[in-house]
Amino acid sequence: MGKFRLKVIFFTIVSIVLILSGCSAGKEAGTVGADGKKVVIRMANLVSDNNFLHTGYKKFKEVAEKESNGQIEVQIYNNGTLTPSEDMEYEMLQTGVLDVVTNAGFVVASNAHAPSYSIFDVPFLFSNEEEMYKLTDGEYGEILKKDLEEKSNAYFLGTFSIGSFAIANNKHEVREPSDLKGLKIRSTTTPLQAGTIAAMGANPTPISYGEIFTSLQQGTIDGVQTTTPLIHADRFYEVADNLTLTRHFPLPHILMVNKDFYDGLTDELKRVVDKAANKQIKYARELAVKAEKKAIEGMEKKGVKVVELTPEELELFKKSVQPAIDKNIDRVGKENYETALKLLGKTE
């Protein structure tokens, strides 16, 4: 029996056990916790316990347990011990195996069939994370909430970035799109992400995240596009020591709570969950800024050639990706895209 099949069987069994363990909780709206009994919130992520994403989860746990005077117990399953992928994580949230999770924006867009979440994959739409938060914390955030609520069994609690995209490769320095010509760059299969790296001149190569390091070693790929904290944490720089800080996408994580779970809580416990979510989001945003700075400095110390693009060089990259935007904007929705541009003050 293959390892993958064994993993699926294991995760299925664990899921059934967790579902059954929660069956005694009241299901009527506003009743869970009214009797004073302990309420368990299950969270999961794919990272190790020293990763800044997990540190943000611990902030949720700290606040929820304190504000509820111990009535809420938050159980965090980290390091992929409960779920091997964000796609499965999303499904576990939908079915109630998990109560609160964060997923990358493109994972939500794909699994919930919610086009508004593809806005984060429009290259160079955001000059920095603050511009992204201007959207998610404001009027566009209402679009995100509505889209998720209508198309899934989850509520939108907020957004935070886990870093901005850069391009690492093991061939040569990249300062303009022509330098990427012929390079095999690992990308997700998301049309805008794959289309963006292709428009820049590279060959987008879909490889599972867990295979990136080995693929770089073996020459299956020449580079990868992902966030600087991930390039640093997963040591991709050891086999791809040319890093270009293009910052063409942010990588937002969407904090969500299962609808049935949330609706069942008393009003007081709902307020606790809301407060814990707000604290986690604020803290996670601060952690991401520090993680990005630490990652870049750490890689420079290891001898990585880090390229900070000049305004003129950056403009070349921005111009190169316009065909990818034009071709795939229907995946975001023209109305969503125009709304985002208007709110950011970037309409022509």
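Kindly rank 200-213, 179-192 from highest to lowest mean number of other beta carbons found within 10 Å of each residue. Mind dumping the intermediate values first?
Working: 200-213: 17.5, 179-192: 19.6.
Ranking the peptides 200-213, 179-192 by packing returns 179-192, 200-213.
Give the calculated FRET efficiency between Thr189 and Asn128 to the nearest 0.05, with a Förster radius of 22 Å applied to their Cβ-Cβ distance. Walk me through the numbers before you get to the answer.
On the way: r = 27 Å, r/R0 = 1.22.
The calculated FRET efficiency here is 0.25.
In a shell of Cβ-Cβ distance under 12 Å around Thr227, excluding Thr227 itself, what net charge do Lys and Arg (+1) and Asp and Glu (-1) give?
Working: positive: Arg247; negative: Glu129, Asp234, Glu292.
Residues near Thr227 contribute -2 overall.
Ratio of Rg to Rh for the stretch 175-260, alpha carbon only, Kirkwood?
Numbers: Rg = 14.0 Å, Rh = 13.8 Å.
My calculation puts Rg/Rh at 1.01.
With r defined as the distance between the Cβ atoms of Ala34 and Asp241 and R0 fixed at 56 Å, what FRET efficiency is calculated, to the nearest 0.05?
Numbers: r = 58 Å, r/R0 = 1.03.
Computed FRET efficiency for Ala34 and Asp241 comes out at 0.45.
For Glu300 and Gln218 in one chain, what is 0.36 nm times their gap in residues minus the Cα-Cα distance, to one decimal in nm? Working shown, then result.
On the way: separation 82, 0.36 × 82 = 29.52 nm, distance 2.38 nm.
Result for the pair: 27.1 nm of gain on full extension.
Run through the stretch 251-340 and list the GluC sites (Glu not before Pro) located in a DSSP loop whose Cβ has at most 15 other Cβ atoms within 10 Å. Kindly include the intermediate steps, with their values, before the conclusion.
Working: sites: Glu268, Glu286, Glu292, Glu297, Glu300, Glu308, Glu312, Glu313, Glu315, Glu335, Glu338; in loops: Glu308.
When the GluC sites (Glu not before Pro) of the stretch 251-340 are filtered for loop state and at most 15 Cβ neighbours within 10 Å, Glu308 remain.
Show me the three semi-axes of the equivalent ellipsoid for the stretch 81-182, from the C-alpha gyration tensor (sqrt of 5 times each eigenvalue), largest first, rounded to whole Å. Walk me through the numbers before you get to the answer.
On the way: eigenvalues 172, 71, 26 Å².
Equivalent-ellipsoid dimensions as semi-axes: 29, 19, 11 Å.
Dividing the alpha-carbon Rg of the chain by 2.2 N^0.38 Å yields what? Mind showing how you got there, number by number?
Numbers: Rg = 20.7 Å, N = 348, 2.2 N^0.38 = 20.3 Å.
The reported ratio for this selection is 1.02.
Provide Rg over Rh for the stretch 200-348; use the alpha carbon set for both Rg and the Kirkwood Rh (inverse mean inverse pair distance). Before the final figure, lay out the partial values.
Working: Rg = 19.7 Å, Rh = 19.0 Å.
Checking Rg against Rh, the ratio lands at 1.04.
Just need the relative contact order of the chain here, percent rounded to a whole number, with Cα pairs under 8 Å and 6+ apart. It would help to have the intermediate numbers written out before the result.
Details: 615 pairs, mean separation 83.7, N = 348.
About 24 percent, as a whole number.
How about the stretch 314-346: which trypsin sites (Lys or Arg not before Pro) there are in a DSSP loop, with at most 12 other Cβ atoms within 10 Å of their Cβ?
On the way: sites: Lys318, Lys319, Lys327, Arg331, Lys334, Lys342, Lys346; in loops: Lys346.
Sites meeting the loop and neighbour criteria: Lys346.
Using 0.36 nm per residue of separation minus the Cα-Cα distance, give me the extension gain between Glu335 and Lys58 in nm, one decimal. Spell out each step's value before the answer.
Working: separation 277, 0.36 × 277 = 99.72 nm, distance 3.72 nm.
Length gained, Glu335 through Lys58: 96.0 nm.
Values quoted throughout were computed directly from the atomic coordinates according to the rules given, and no laboratory measurement underlies them. Values in this document were obtained by computation on a predicted structure and should not be read as measured data. Reconstructed Cβ throughout: ideal geometry from the backbone, glycine too, with neighbour counts over all protein chains shown.
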